[in-house]
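The values are calculated or read from the model by the stated rules, or taken from the named source; none is laboratory data. Just so it is clear, the model here is predicted, and its values are computed rather than measured. In this analysis, Cβ positions are derived from the backbone assuming ideal geometry, glycine residues included, and neighbour counts consider all displayed protein chains.
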Amino acid sequence: MSTNGGVVLALEDVRTSYGSIEALKGISLEVREGEIVTLLGSNGAGKSTTLRSINGLVRPRSGRIVFRGKEITNAPAHEIVRDGIAQSPEGRKLFPRMTVLENLEMGAFQRSDRGGMAEDMERVFTLFPRLAERKNQKAGTLSGGEQQMCAIGRALMARPKLLMLDEPSMGLAPIFVERIFETIVEVNQQGTPILLVEQNALMALDVANRGYVLETGKIALADDAARLRENEDVRKAYLGET
Amino acid sequence: MATHAETDTRIRLRRSPTSYLTTAAATILLGLLVAWLVVNLVKSPSYFFTISFIGLTNGAVYALVALGYTLVYGILELINFAHGDVFMLGGMFSATMIISVFNLSAHPSTGPMIAAIVVSLAVAMAACGVINATIERVAYRPLRGAPRLAPLITAIGMSFILQDVAIAWKGPSYIAVPQILPTGRVFTIGGTHYKWDKFIVVVITVPVLIALMWLVQKTRQGKAMRATAQDRDAAAMMGINVDRTISFTFLIAGALAGAAGLLYALYFGQVRYDTGFQLGLIAFTAAVLGGIGNLPGAVLGALCIGFIQAFNEGLRWHSPGSDWTQSIVFSILILILVFRPEGLLGERTPEGA
Ligand SMILES: Nc1ncnc2c1ncn2[C@@H]1O[C@H](COP(=O)(O)OP(=O)(O)OP(=O)(O)O)[C@@H](O)[C@H]1O
Ligand SMILES: [Mg+2]
């Protein structure tokens, strides 16, 4: 069934609960080699929970998660990161008392190739010159938009085999939103598959190959991005059309 | 952006007219304190120096214990009430090594003395490190997701358990540790000899502190500790093994308590099951005074308390005396917390932690 390369990440009927609240009611999805896949859905649909289930911060009740042929359903978070999944999480989660530079270095914590790290640091600073200006400032004192850039930069510093971004355009001025989306495409063209959660459905569907629409913990729609853009329900619900 | 504006107004509010009054009051108090110290110094310099050396020595022991509270609090926001008792066990291990393993009595020759100190230090640090890490594993880790109160209660429980273990092992009365430290002088100032028994406490404490700073600031493990302390989930997302990092932190904290236990046993010459309770309380106060979670703060707080205690109990001209030590220490703590809740060196961080 896969036409564009092998499956990098597969979720099979994943259910995740917080206490007695079932946030994911059986999610199945795939990210394939070279793809950008976007996850859409209204507030509370379970998008962030899906990402947290993948990178081990919450444990699924049942179901399977397979990353590059290896089951990671119950692996501890730090091992999943070492396997190659990095995330720019919801709420940024920077280290507030470390500088921008130290935060970016933390992104590369599990790497040891100094040359490659220096290269990636340059790349992050080229993408976000603002971060270069602020590199010795404590991350906790950055503005919201600057923090977002720092969180994305930190995820890139891991040089991941799968990059997950949770609402990367949140809190950013339009010019930076565009830059973020350009970055996403660029990183993807360099060979990194991306799982993208976005409120900005229009832009997300623009750059994505495929998309899933989540509704209260279930996948309501799964299709090519182009076709999702044409879908009546999607246009009504997420593209602000009536 | 909004948070910036809020922080700014809050800082500006703190500089309201009352702050001039506080500054004035603080200045006057400090002035009186300095005057009192100067008069004491002038009246009897040799006495003043004797007391200062005592303050420094006590402060060093407090610092090693205070660092353990602050390390653990920094990473888990948990007050490890059992920490003082781990220190007490360190004293007991040291006493056992000196008395039963090395068979030393008072004033041994230099060779056996150095061997006993080095080996006891290693044993106490290793044993207390392992005990502290084990406490975390069995009593705190299973409660990681529970409400804050739960691990606090188990911490108090662990404190009692360790004391009972000590009673079962050594009985309820003081164990006397032979005076094995040399009492020759290192140098003389103002007619007072600074003696080797006090100097050795500093000789052991300073390198331990430097090693700790290096570990936390410069090593990969230290980076993992700082990251875990600031955001546990984010640390995991960086590939840090959070559980192992927390274990390691308890190991280090325990090792510091073990070193303090040895120094206490050597310098004060006696240990009992409740030694850790009293000293633990002082060390915890020192950690809060300096800014809990802040390592240099713990050392500063410990030295402050060491000196306050020594001056108050030892100086002859108008000192309140030992009955007042606790009241004075805690009054200072209350004043500091009222006017500077983050402690002497604690950071006023934007996220309010
Ligand atoms: N820690 C938690 N404890 C309890 N319930 C939670 C927790 N985190 C999320 N939930 C619930 O799980 C559901 C899914 O939340 P999730 O954060 O995954 O939504 P989302 O799709 O990312 O929403 P948004 O667009 O607002 O970020 C919500 O109903 C939410 O209230
Ligand atoms: Mg979300």
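Would you check which residues across region A:51-62 are within 14 Å of chain B (Cβ to nearest Cβ) and either away from ligand 2 (no atom under 13 Å from the Cβ) or not small (G, A, S) (or both) and list them?
First pass over region A:51-62, keeping only residues within 14 Å of chain B (Cβ to nearest Cβ): A:51-59.
Residues satisfying the conditions are A:L51, A:R52, A:I54, A:N55, A:G56, A:L57, A:V58, A:R59.
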(message) Looking at B:V138, B:V177 in this structure, which one is of a type in the set (A, V, I, L, M, F, W, C) and within 22 Å of B:Y267 (Cα to Cα)?
(response) B:V177
(message) Regarding region A:186-199, can at least one residue be identified that is at pLDDT below 95 and either within 14 Å of chain B (Cβ to nearest Cβ) or within 16 Å of ligand 2 (Cβ to nearest atom) (or both)?
(response) yes
(request) Identify the residue in region A:76-98 that is within 16 Å of ligand 2 (Cβ to nearest atom) and not in a loop (DSSP other than H, G, I, E, B) and, among all such residues, is surrounded by the most Cβ atoms within 10 Å (Cβ to Cβ). (result) A:Q87
(request) Return yes when A:A155 is modelled with pLDDT of 95 or more, touching a strand residue (DSSP E or B) at 6+ places or on another chain (Cβ under 6 Å) and within 14 Å of chain B (Cβ to nearest Cβ) and no when it is not. (result) yes
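For residues in region A:8-50 being in a helix (DSSP H, G or I) and more than 14 Å from every other protein chain (Cβ to nearest Cβ), which is nearest to ligand 1 (Cβ to nearest atom)?
To start, the set of residues in region A:8-50 that are in a helix (DSSP H, G or I) comprises A:47-50.
Filter again for more than 14 Å from every other protein chain (Cβ to nearest Cβ), leaving A:47, A:50.
Values: A:K47: 3, A:T50: 7 Å.
Applying the filter and picking the extreme gives A:K47.
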(message) Among the numbered criteria (1) under 29 Å from B:G111 (Cβ atoms); (2) touching a helix residue (DSSP H, G or I) at 6+ places or on another chain (Cβ under 8 Å), which one does B:A211 miss?
(response) (2)
(request) Test B:T205 against the stated conditions and say whether it is within 13 Å of chain A (Cβ to nearest Cβ), touching a residue at least 60 places away in the same chain (Cβ under 8 Å) and out of contact with any Phe, Trp or Tyr (no Cβ under 9 Å at 6 or more places or on another chain). (result) no
(message) Being more than 24 Å from A:Q147 (Cα to Cα), buried (at least 18 other Cβ atoms within 10 Å of the Cβ) and within 16 Å of ligand 2 (Cβ to nearest atom) narrows it down to one residue among A:I72, A:I27, A:I21, A:I65; which is it?
(response) A:I27
(request) Scan (1) assigned to a helix (DSSP H, G or I); (2) within 16 Å of ligand 2 (Cβ to nearest atom) for the single condition A:Y212 breaks and write down its number. (result) (1)
(request) Mind counting the residues in region B:258-279 that are surrounded by fewer than 24 Cβ atoms within 10 Å (Cβ to Cβ), part of a loop (DSSP other than H, G, I, E, B) and in contact with a helix residue (DSSP H, G or I) (Cβ under 7 Å, 6 or more places away or on another chain)? (result) 1
(request) Could you list, in sequence order, all residues of region A:99-125 that are assigned to a loop (DSSP other than H, G, I, E, B) and either away from chain B (no Cβ under 11 Å) or aromatic (F, W, Y) (or both)? (result) A:F109, A:D113
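Please pick out the residue among A:V177, A:V187, A:V234 that is under 29 Å from A:E79 (Cβ atoms) and surrounded by 15 or more Cβ atoms within 10 Å (Cβ to Cβ). Before the answer, list the steps.
Working: A:V177 fails: under 29 Å from A:E79 (Cβ atoms); A:V234 fails: under 29 Å from A:E79 (Cβ atoms).
Only one candidate qualifies: A:V187.
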(message) Please go through (1) away from ligand 1 (no atom under 16 Å from the Cβ); (2) out of contact with any Gly (no Cβ under 9 Å at 6 or more places or on another chain) for A:S169 and return the number of the only condition it doesn't satisfy.
(response) (1)
(request) Mind listing whichever residues of region B:74-122 are without any contact (Cβ under 8 Å) to a residue 24 or more places away in the chain and farther than 30 Å from B:M225 by Cα? (result) B:T96, B:S100, B:V101, B:F102, B:N103, B:S109, B:G111, B:P112, B:I114, B:A115
(request) Hey, can you tell me all the residues within region A:51-73 that are polar (S, T, N, Q) and within 16 Å of ligand 1 (Cβ to nearest atom)? (result) A:S53, A:N55
(request) Identify the single condition in (1) assigned to a helix (DSSP H, G or I); (2) under 25 Å from the mean Cα position of the chain (by Cα) that B:A235 does not satisfy, given that it satisfies every other one. (result) (2)
(message) What are the pairs with Cβ atoms under 8 angstrom where one residue, in region B:230-254, is at positive phi and the other, located anywhere, is of a type in the set (K, R) and surrounded by fewer than 20 Cβ atoms within 10 Å (Cβ to Cβ)? Sequence gap at least six, or different chains.
(response) B:G239/A:R82
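Restrict the check to region B:17-28 and report whether at least one residue is among the β-branched types (V, I, T) and under 24 Å from B:Y264 (Cβ atoms).
The answer is no, given that none of the residues of region B:17-28 is among the β-branched types (V, I, T) and under 24 Å from B:Y264 (Cβ atoms).
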